[in-house]
Amino acid sequence: MTNQLTDKELDQLLADPEHRDNPLLPALQMLLARDREQRGRLERLLRISDCSYDMARSQTHDLLNKYDRQLRRLEKITRISDRYQRSMLELNEQLKQAALRDPLTGLANRRLLMERLSEELERYRRGREPFSLVMLDADNFKRINDAFGHDTGDRALCMMADAISRQLRGYDLCARWGGEEFMLLLPETGLELATHIVDRVMQAVRALRLEKDEQVQLSISAGLAIYRPDESVELTINRADAALIQAKQNGRNRLQVAPT
Ligand SMILES: Nc1nc2c(ncn2[C@@H]2O[C@H](COP(=O)(O)OP(=O)(O)OP(=O)(O)O)[C@@H](O)[C@H]2O)c(=O)[nH]1
């Protein structure tokens, strides 16, 4: 049993005629009234504090929602900007590739070859390892175009580019020098090895078949020059070119080595 009295019980107790003459009655009534007033005040305070707590809570909730929305917006912007940056990088890379590649065959173009040549020259100056340049030119290519059309001629050039590249080592470079001319840069390669590689290349071109049922024999002529100490690369290129002209004059489908 609880020994706490309810308000109603207290009132009944104080109103009981039995206690009417009790000298403490007025003081108790006064205490009770004061207690009730205090409790009323306390309850009002609690209601106010509950109310401001609710307000603060809903404000915090609103702020969190706003913060979430901003965060999501920011994430979206970051994603878009990342995508944009990635596509710019890809575009840049494609442009760089396009600037250094021949669009028909995908081989290096002259510009890339000249860049690699000057790197090779630097390497030569440090290590004195010989390198070789080979000028290649498709034989009687005009006949292919005349007989089968320019598109077939283009296809033949791509097939040759592919066949030549397959015979090279990873660090060699095959570039399209011009129309039906290619240039090979063979780093750290002297005469014997270069001759061997060019033979392989020529054989691979001879093995190509333009159309399944046609007996079109593709071939190339080659001029090989080994870099001479301290000559300009332009001179090495000219020597390879002169050797190529010699190979053509000697009947085509052959390799001519430039005097060292
Ligand atoms: N299809 C095609 N033909 C090309 C391309 N570039 C050059 N040619 C052709 O290659 C032929 C080169 O002819 P020429 O310089 O007379 O040489 P060739 O007929 O190969 O004879 P030789 O070099 O003396 O063996 C020309 O008909 C050009 O039109 C090309 O990108 N595509």
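Counting only complete DSSP H runs, which helices of the chain cover 18 Å or more along their long axis at the Cα atoms and score a mean Kyte-Doolittle of -1.0 or above?
On the way: long enough: 25-100 (110 Å, -0.88); 110-127 (25 Å, -1.47); 150-166 (24 Å, -0.27); 191-206 (22 Å, 0.42); 233-249 (24 Å, 0.08).
Helices meeting the criterion: 25-100, 150-166, 191-206, 233-249.
So, with +1 on the Cβ of K and R and -1 on the Cβ of D and E, and no other charges, what is the size of the charge dipole of region 9-100 about its Cα centre, to the nearest 20 debye?
Working: 17 positive and 16 negative charges, 222 e Å.
About 1060 debye.
Given 10 Å bins starting at zero, what is the percent of C-alpha pairs of region 110-257 in each, up to the one with the largest pair distance?
With 10 Å bins starting at 0, P(r) equals 12, 43, 32, 11, 2, 0.
Where in region 111-128 does the label zone of LYS96 land, with the point 7 angstrom along Cα→C-beta and an amide N cut-off under 20 Å?
Counting backbone N atoms under 20 Å from the label point, the list is 111-120.
Roughly what % of Cα-Cα distances in region 46-123 sit above 16 Å, to the whole percent? Don't skip to the answer; put the middle values down first.
Numbers: 2215 of 3003 pairs.
Percentage above 16 Å: 74.
Cα gyration tensor of region 80-148, axes a ≥ b ≥ c as square roots of the eigenvalues: rounded (a/c below 1.5), prolate (a/b > b/c) or oblate?
On the way: a/c = 5.44, a/b = 1.20, b/c = 4.55.
Since a/c reaches 1.5 but b/c is at least a/b, the shape of region 80-148 is classed as oblate.
Is the C-alpha gyration tensor of region 174-260 telling us rounded, prolate or oblate? Criteria: a/c under 1.5 is rounded; beyond that, a/b larger than b/c is prolate, otherwise oblate. Please report the intermediate quantities before stating the final value.
On the way: a/c = 2.13, a/b = 1.94, b/c = 1.10.
Prolate, since a/c reaches 1.5 and a/b exceeds b/c.
Give me the extension gain from ARG228 to LYS248: residue separation times 0.36 nm, minus the current Cα-Cα distance, reported in nm with one decimal.
Values: separation 20, 0.36 × 20 = 7.20 nm, distance 2.36 nm.
Length gained between ARG228 and LYS248: 4.8 nm.
Got the relative contact order for the chain handy, in percent, Cα pairs under 8 Å and 6 or more residues apart?
Numbers: 282 pairs, mean separation 41.8, N = 260.
Normalised by residue count, the contact order of the chain is 16 percent.
What share of Cα pairs, in percent, lie more than 14 angstrom apart in region 1-72?
Numbers: 1927 of 2556 pairs.
So the portion of pairs separated by more than 14 Å is 75 percent.
Would you work out the Kirkwood radius for the chain? I mean one over the mean of 1/r across all pairs of different Cα atoms, in Å. Working shown, then result.
Working: mean 1/r = 0.0384 Å⁻¹.
After inverting the pairwise mean of 1/r, the radius is 26.1 Å.
Just want the answer: with Cβ charges of +1 for Lys and Arg and -1 for Asp and Glu, which residue in ALA258, PRO187, CYS51 is farthest toward the dipole's positive end in the chain?
ALA258
Please list 60-69, 171-180 highest first by mean number of surrounding beta-carbon atoms within 10 Å per residue. Walk me through the numbers before you get to the answer.
Numbers: 60-69: 10.0, 171-180: 18.7.
Packing order, densest peptide first, comes out as 171-180, 60-69.
Using the count of nearby Cβ atoms within 10 Å as a rough guide to exposure, how do SER58, SER132 rank from fewest to most?
Working: SER58 10, SER132 25.
Ranked by crowding around the Cβ, least crowded first: SER58, SER132.
Which aspartates and glutamates have a Cα less than 15 Å from the Cα of LYS142, not counting those fewer than 8 places away in the same chain?
Hits, sequence-local ones excluded: ASP151, ASP154, GLU180, GLU181.
For GLU188 and LEU208, FRET efficiency with R0 = 41 Å and r from the beta-carbon atoms, rounded to 0.05? Write out the running numbers ahead of the final one.
On the way: r = 28 Å, r/R0 = 0.69.
With R0 = 41 Å, the Cβ-Cβ based efficiency is 0.90.
Checking a compactness column here: for region 1-137, what do you get for Rg(Cα) / (2.2 N^0.38 Å), N being the number of residues?
Dividing the Cα Rg of region 1-137 by 2.2 N^0.38 Å gives 3.24.
Calculate the dipole size of the chain relative to its Cα centre from +1 charges on Lys and Arg beta carbons and -1 charges on Asp and Glu beta carbons; express the result in debye to the nearest 20.
The calculation lands at about 560 debye.
Since every read-out is calculated from the coordinates, none of them should be taken as a lab result. Everything numeric here is computed off the predicted structure, so don't read it as measured data. No Cβ is skipped: glycine too gets one built from the backbone with ideal geometry, and neighbour counts run over all protein chains shown.
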